[in-house]
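Here's the structure we're looking at; comments come further down.
The values are calculated or read from the model by the stated rules, or taken from the named source; none is laboratory data. Predicted model only: the values in this text are computed from it and were never measured. Here the Cβ is made from the backbone with ideal geometry for all residues, glycine too, and neighbour counts use every protein chain on show. Only protein heavy atoms, including side chains, enter the accessible area calculation; ligands, DNA and RNA are left aside. Shrake-Rupley method; radii C 1.70, N 1.55, O 1.52, S 1.80 Å.
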Amino acid sequence: MSRFIPFDRSQPYLLPPDLTSWLPADDMAHFIVAAVERVPMSAFCVPVRTGGKAQYHPRLMLALLIFSYANGLFSSRRIERATYRDIGVRFVAANLHPDHDTIATFRRTNRTAIEAAFAQVLLLARETGLLRLGVVSIDGTKIDADASKYRSLRYDRIRALREQLAVDIAKLMDQAEHADATDSDPQALPEALARRETLKAKLDEACARLEADAKAQAEAARPAYEKKKAAYDAKTGRRGRAPKPPDDEPPPDRQISLTDPDSRLMRRSDAHEFRQAYNAQAVVCAEGSQLIVTTDVVATSADAPSFASTVLSMENTIGLPKTVLADTGYASGQAVRDLRKKGIDPLVAIGRPCARRPYDFRPPPEDREPRRITEPWRLAMKDRLETTEAGDIYRLRKQTVEPVFGIIKSIMGFRRFSLRSLAKVTTEWTLVALAYNCKRMARLHAA
C-alpha cells in the first residue's frame, strides 16, 4: 500500500462556484473589499466613453491595487499575471483580468480615490476602537526613485554638454546637406541627429528648471535680505561685512536628474552611499495599533521643513493628535511653534544621538566639541525630555514608527517607486501606506 496521496495533474477539475471557499474567513481580501465599498464613486476618475468596450469598475481596480501592494506585487505586469495565478487576487478581481496598461493608468490617475480609501480605512479603525490619536510618532525613510543616479548631472556640466551638442548637431546638419547634394544614402545620419537633438532637448529642459528654481529661491530670500540690508545701512561705525544679496543663478554643483527631475541624490546617513531617491514621511499611531495616520513625500533629505505641514495635514481627515514624537532631524523652532498653536505637544530629541556599537569595527571618529545649545526652546525641550514622564513617552517613538518601515521594506518588499515625479510618487506612497494599514488591521482583527 502506497504511503503517499495519489495525484494526477491531467485530471480536469473546475474552480469552486464561489472563490471564497478557497480563502480563509479571516483573509485580508475580505477586509479590503469591504473597505473599498465605503469609497464614494465621486472620488474616482472615470473617463467618459460614448461607445466601445465597457470599463472595469473603479472599486474593483482599487481593491486589486491595494491587495496586490499588500502582498508585494507592485509591477502592473506582475499584477496582471497574478489575476490568473493567485487565488486571492483572482477573488478580489472577481475572476476578471485587467491588462497591465489599464492597471498602470488607473494608478496614475486616481490619487483622490486612493486618498479617500486611506481616510475610510482610518475611520473604520477608529469606529472599531483600534485607532486612538493621543500619541503619534513621525519619521522618514529614503526610498529609491525610478531613476539612476548616473543620469544626474551638475549645472556646469549641463551647460558644457549643451555647447558640445550644439556643435555636433551643426556638423551633422552639414553632413546631411552634403549627403542630399551627392545622392548618397543618408539612412544612418538622421538617426544620429535625432539622438543628439533629443538629448539636447532634455538638457535644455533640465537647465531651464534649475534656473527657474534658483530664481524662485532668490525671490523667497529677498525679503530677509532687504531687512538685513536696512539694518546694516542704519548702523554707524564698524558695521562688519555687508549682507550678500541672494543669487538667482544656480550654483555650479547643483544637480538634477534627466530621468526624474523631482528626485534628488540623498543618503540615509553618513555611513551610506548616495542614491537617487525621495524622502517618504509617515506618522504612526503610538498607542498600540501602529497604523499610519498620514503620509507625505519630500524631495529633500532634511525632515524638519515638512514636520509641521505633515502633522497638520491630519486636521481635515482623521483629526489632530495630542502629542507627536520626533527624532533630532525634526528639530525646528518654527515647526514646534506651529504645532503648539494647534494644541499639539511636540517631543523632539535635541542633539545628535550616538549610533555606534560598543565594539564597532570602524575606527572611532575624531573627537569634536559638541554643538553648544543656546536657543531657549531647545534648552527647554532638552530639560523636559530628561524628566521621567516625557522620557517614557518618547521611548515609544523608536518601537512604533521604525518597525512600520521595516515591514514595508522587508515584508512587503517595497524599496523602489514605480512612478515618476513628486505628485505621482506621493500617490504611490499613499497607496503603500493604505496597503500596510489594511494588512495591519486584518492582523489585529484576527488576533
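On the basis of being surrounded by 10 or more Cβ atoms within 10 Å (Cβ to Cβ), over 25 Å from residue 80 (Cβ atoms) and modelled with pLDDT of 80 or more, does residue 59 make the cut?
Spelling it out, it is not the case that residue 59 is surrounded by 10 or more Cβ atoms within 10 Å (Cβ to Cβ), over 25 Å from residue 80 (Cβ atoms) and modelled with pLDDT of 80 or more.
If you check residue 310 against the conditions, is it polar (S, T, N, Q), under 19 Å from residue 396 (Cα atoms), outside any loop (DSSP other than H, G, I, E, B) and open to solvent by less than 30 Å² (accessible area, probe 1.4 Å)?
It is false that residue 310 is polar (S, T, N, Q), under 19 Å from residue 396 (Cα atoms), outside any loop (DSSP other than H, G, I, E, B) and open to solvent by less than 30 Å² (accessible area, probe 1.4 Å).
Among 335, 286, 299, which is open to solvent by less than 20 Å² (accessible area, probe 1.4 Å), closer than 21 Å to residue 426 by Cβ and of a type in the set (A, V, I, L, M)?
Of 335, 286, 299, the one residue that is open to solvent by less than 20 Å² (accessible area, probe 1.4 Å), closer than 21 Å to residue 426 by Cβ and of a type in the set (A, V, I, L, M) is 335.
Report, by residue number, each residue of segment 376-396 that is assigned to a helix (DSSP H, G or I) and closer than 24 Å to residue 287 by Cα.
381, 382, 384, 385, 388, 389, 390, 391, 392, 393, 394, 396
So residue 346 fits all but one of (1) open to solvent by less than 40 Å² (accessible area, probe 1.4 Å); (2) more than 21 Å from residue 374 (Cβ to Cβ); (3) in contact with a Ser or Thr (Cβ under 8 Å, 6 or more places away or on another chain); (4) not in a loop (DSSP other than H, G, I, E, B); what number is the exception?
(2)
Could you check residue 253 against (1) modelled with pLDDT of 85 or more; (2) touching a strand residue (DSSP E or B) at 6+ places or on another chain (Cβ under 7 Å); (3) closer than 30 Å to residue 441 by Cβ; (4) not hydrophobic (A, V, I, L, M, F, W, C) and say which number it fails?
(3)
Spot the failing condition for residue 179; the list is (1) in a helix (DSSP H, G or I); (2) modelled with pLDDT of 85 or more; (3) not aromatic (Phe, Trp, Tyr), and only one is missed.
(2)
Which residues, counting only those in segment 83-127, are in a loop (DSSP other than H, G, I, E, B) and within 25 Å of the chain's Cα centre (by Cα)?
Correct list: 110 only.
Looking only at segment 208-259, filter to residues that are polar (S, T, N, Q) and outside any helix (DSSP H, G or I); which one of those is most open to solvent (accessible area, probe 1.4 Å)?
Selected residue: 236.
Collect the residues in segment 74-94 that are open to solvent by 20 Å² or more (accessible area, probe 1.4 Å), within 23 Å of residue 22 (Cβ to Cβ), touching a helix residue (DSSP H, G or I) at 6+ places or on another chain (Cβ under 7 Å) and not aromatic (Phe, Trp, Tyr), keeping them in residue-number order.
Correct list: 80, 87, 90, 94.
Does any residue in segment 299-312 that is among the β-branched types (Val, Ile, Thr) come within less than 7 Å, Cβ to Cβ, of a residue that is assigned to a loop (DSSP other than H, G, I, E, B) six or more places away or on a different chain, and which pairs are these?
What qualifies is 311/344.
Is it the case, given these coordinates, that residue 130 is under 29 Å from the mean Cα position of the chain (by Cα) and modelled with pLDDT of 85 or more?
So residue 130 passes the test.
Scan 29, 93, 104 and give me the residue that is among the small types (Gly, Ala, Ser), modelled with pLDDT of 90 or more and closer than 14 Å to residue 434 by Cα.
29
May I ask you to verify whether residue 262 is assigned to a loop (DSSP other than H, G, I, E, B) and open to solvent by 50 Å² or more (accessible area, probe 1.4 Å)?
no
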